[in-house]
Structures are given as structure tokens and as C-alpha cells.
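The values are calculated or read from the model by the stated rules, or taken from the named source; none is laboratory data. Being a predicted model, the structure only gives us computed values, none of them experimental. Neighbour counts run over all protein chains shown; Cβ positions are idealised from the backbone, glycine included. Protein only, heavy atoms only, side chains kept; ligands, DNA and RNA dropped before computing areas. Shrake-Rupley method; radii C 1.70, N 1.55, O 1.52, S 1.80 Å.
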Amino acid sequence: MSNPTSQLLDSIADVGIDHTRGGYSRHGFDRTELELREWFTAEAGARGLDVRPDRNGNLWAWWGAPGPDAVVTGSHLDSVPGGGAFDGPLGVVSALVAVDLLRASGFTPRRPLAVVVFAEEEGGRFGVPCLGSRLLTGAITADAARALRDADGVSLAEAVRAAGVDPAGLGADPEAIGRIGCFVELHVEQGRGLVDLAAPVGLATSILAHGRWRFRFTGQGNHAGTTPLEQRADPMLPAAEVVRAARRAASTVEGSRATVGRLVPRPGGTNVIASTVDLWLDARAPDGVATRELVERIADDAEQAARDEGCELEVTRESYGDSVVFDDGLRDRLAGLLGDVPALPTGAGHDAGILAAHVPTAMLFVRNPTGISHAPAEHAEPDDCARGSAALADVLRGLAG
Ligand code: HGY
Ligand code: MN
Ligand code: MN
Ligand code: MN
């Protein structure tokens, strides 16, 4: 049975479909995300919200004049490569439906209320997750951001221009942060916690510490047929070792996870021994100490494997965020507004995790029956989507009423 939330999600179901990988590929300021930004601007405008992009390309839709102590909700519209339909969009769509529900009930906010769409949350194009919220809070400098390039060599500065953003203006926005009284993000759960608890909606307690490291192995490009094994310096060998070392190390560091999901040999010919291999390690753990321990173990194995094969190794940390424990005062307030809902941790990063260091922040989760995310099997039932929007409306009414 469809409802306003599932219908609104369906209305963008064709944007950014990725037929090569399945799922969606919508990335920061690319054609599909620009299309979704236009969609959001039209939908928010149709609800009488005043849509204003900030200097970093995040979109803010205001109910009432932007002002201090605002209640802010929202999420992101970009995806990972081959991602699901709910991670990000469910939070944005639910916020728009929550505004509908509040208006239909005759509600008028006593505090400014905004729906925000953060840019490039997945870091799928420029490699830094939560790029829009990191720029907003100063967690990444404007210079570091402007130096970012996508796989085609397009700089972030060039990309934001396509969204009408002046790259010279990128950077921390203390005035925008200063307007936020609290931030609540609704998100599809990326796991089976709510399924196992038989609950449609829940609250977040914490987020794992997590970061991304690039391992660049340099060997000697050569001919696959004419190069004897003892004369090779093949960077694919140590790269393959890192994939296994990541799993090995994570199985020994309590509560940690380590993944290599992206590995790029260059030049990438079938009959060519690669000259370089880049791989990216996604490492997560309950805190910074455990994350450092995890990455050091993997890097040690990588260095040994590089030496064994006569290759060079360069390890670069591309992003890192400490573990987040959400403000239990705000979470308790939401629990009071929602009644008996479970609270559970997440291993997934979110813009809420970036905002939490600056303003009282909470997250609402919606049940995902498959428990799968960052893949086409990610799902939320229409009834649970509707329950999520209604819960968000109750929260916004309680906080802004
Ligand atoms: O990678 C993450 O945890 C988030 O989905 N960006
Ligand atoms: Mn995600
Ligand atoms: Mn997300
Ligand atoms: Mn030849």
C-alpha cells in the first residue's frame, strides 16, 4: 500500500539508476544529484519553504525566516556507487512529508524550522564522506576541499560551479551553525537491529570511529608474457595481501571492521603487469585508539608485502572521524515524544555525526527488513516509511511547537 512518503520516494526512483552495477549512482554535484537538487527545490517550494543554498552547496529549505535556535532536519541525496534507494533520500523525503503532516494539522512552528540536504555525504565522487557538512563545520578546510578531484580529474571547485556555488566561498560557516538549535536526521537503518527488535522506528545511540586510507603501491610495469617471475615488482601482490590483512586485523581488534571495496591497478591491461595499484581501506572501530591499532596492523603487513615484492608503498589518510555518542538529553526528549522506541548504535557514518560535535543532534532510524545497505537490496516497507515520517512530524512538533 503506497502513502505520501513512498510516493515521494517513487517520484525520484528513476534518477541516477546505475545499470552497470545495479542500484543508484548519484554523486556530489554530478548530473543526477543536480537533478535531485532541482526536485528538492521544487518540492520544498511547493510547501512554502524558502530554499537557500549555503556557501558549500548544502540546500536549506526554511519554514519561517532563518533564525537562531532553529530546529533542523534532513539528510543527503547522493549515494554510493550502485547504492540503495533509501540511504539519504528517505531522510529528505520524510522531512518533506513531516512538513505536510504538520501543516495539515494546522501547526505553526514557534522556532525557525529547516529541512537541509547535505552535499556529497557518501564521498562517492571526491573521496571525503560528509563533505558538505564537513565544509560547513570547518572539519575540512576550504583549501583542502578545493584541491579534491574526482576520478576524471574534475576539481570540486569546478563541480560546485555547476550547482551555482562560487568555489571562492567554500569554507566554514559559523553563522549557519550558530542558527541551529538542534539537528535530527531520519535514516533507513543499515542493519537488522530494528528487525530483530520488531520495531519500525528507533533512535541512534552512537557511531563508530571511522576513516579512509589510500594505499599506493608502486612497482615496475612490464609485459605479462616476457617478464620472468623473479624479475617482477608487481604491485598487485602486496595489494592482494592488504585485502586479506584487513579482514585478519579486524578479526583481532574488538568491534572493528576493515574493508577494501575499491582497488585500481594502472594502467589496467590484461597483458600488462601493473606499474601502480591504489586501494582504499575503510577502517572502523569503537574509538580512535582501536582504529589506530587496526590500521597500524594492516599497514605493517602492507609494508612487509611491498618489501617482499620490491615495491614502494605510500599510505595517505584521506578522512577520519572520531566515534560519536549522541546527546542523550535530546535523545531522551525524542523518546518522550515517541514513546517506547529502542535505541541502538550504528556502524554507518552520517552528517548527523559531523553536526553532533557542534549542536545537539539525534537520529531516527526506520526499519530495513533486509538489513542490507550500500547495495540495491536496501529496503524499507512503505508502512514503515510512513511511520518514520509520522514519528519525525511528532518530533518536530515537540521541538519547534
Ligand atoms: O560510509 C558510511 O558509513 C556512510 O554511509 N557515508
Ligand atoms: Mn551511506
Ligand atoms: Mn546515508
Ligand atoms: Mn604487444
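Per-structure values
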item: Residue match in region 373-381 (condition: open to solvent by 50 Å² or more (accessible area, probe 1.4 Å), of a type in the set (Ser, Thr, Tyr) and farther than 15 Å from Val72 by Cα); result: no
item: Contacts under 7 angstrom Cβ, first residue in region 351-363 being open to solvent by 10 Å² or more (accessible area, probe 1.4 Å), partner basic (Lys, Arg), 6 or more apart; result: Ile354/Arg134
item: Residue that is nearest to Leu136 (Cα to Cα), among those in region 54-71 that are at pLDDT 95 or above and open to solvent by 40 Å² or more (accessible area, probe 1.4 Å); result: Arg55
item: Residue list for region 20-48, restricted to those being of a type in the set (Asp, Glu), without any contact (Cβ under 8 Å) to a residue 24 or more places away in the chain and more than 17 Å from Val116 (Cβ to Cβ); result: Glu35
item: Any hit, region 10-19, residues being open to solvent by less than 40 Å² (accessible area, probe 1.4 Å) and of a type in the set (S, T, N, Q); result: no
item: Number of positions in region 1-17 that are assigned to a loop (DSSP other than H, G, I, E, B), hydroxyl-bearing (Ser, Thr, Tyr) and either at pLDDT 95 or above or under 12 Å from Thr32 (Cβ atoms) (or both); result: 1
item: Neighbours by Cβ (under 9 Å, 6+ apart or cross-chain): first from region 69-86, under 19 Å from Asn368 (Cβ atoms); second at pLDDT below 95 and polar (S, T, N, Q); result: Gly82/Thr20
item: Long-range neighbours under 8 Å by Cβ, at least six apart or interchain, first residue closer than 19 Å to Gly398 by Cβ within region 174-191, second open to solvent by 20 Å² or more (accessible area, probe 1.4 Å) and away from ligand 1 (no atom under 16 Å from the Cβ); result: Ile180/His358; Gly181/Pro68; Gly181/Asp69; Gly181/Arg111; Gly181/Pro360; Cys182/Pro360; Phe183/Pro360
item: Some residue of region 384-396 being within 16 Å of ligand 3 (Cβ to nearest atom), surrounded by fewer than 19 Cβ atoms within 10 Å (Cβ to Cβ) and of a type outside the set (D, E, K, R); result: no
item: 3 or more residues within 16 Å of ligand 3 (Cβ to nearest atom): qualifying helices (runs of 4 or more DSSP H) within region 32-149; result: 89-104, 131-137
item: Long-range neighbours under 8 Å by Cβ, at least six apart or interchain, first residue in contact (Cβ under 8 Å) with a residue 12 or more places away in the chain within region 226-251, second open to solvent by 100 Å² or more (accessible area, probe 1.4 Å) and assigned to a helix (DSSP H, G or I); result: Leu237/Asp308; Pro238/Asp308
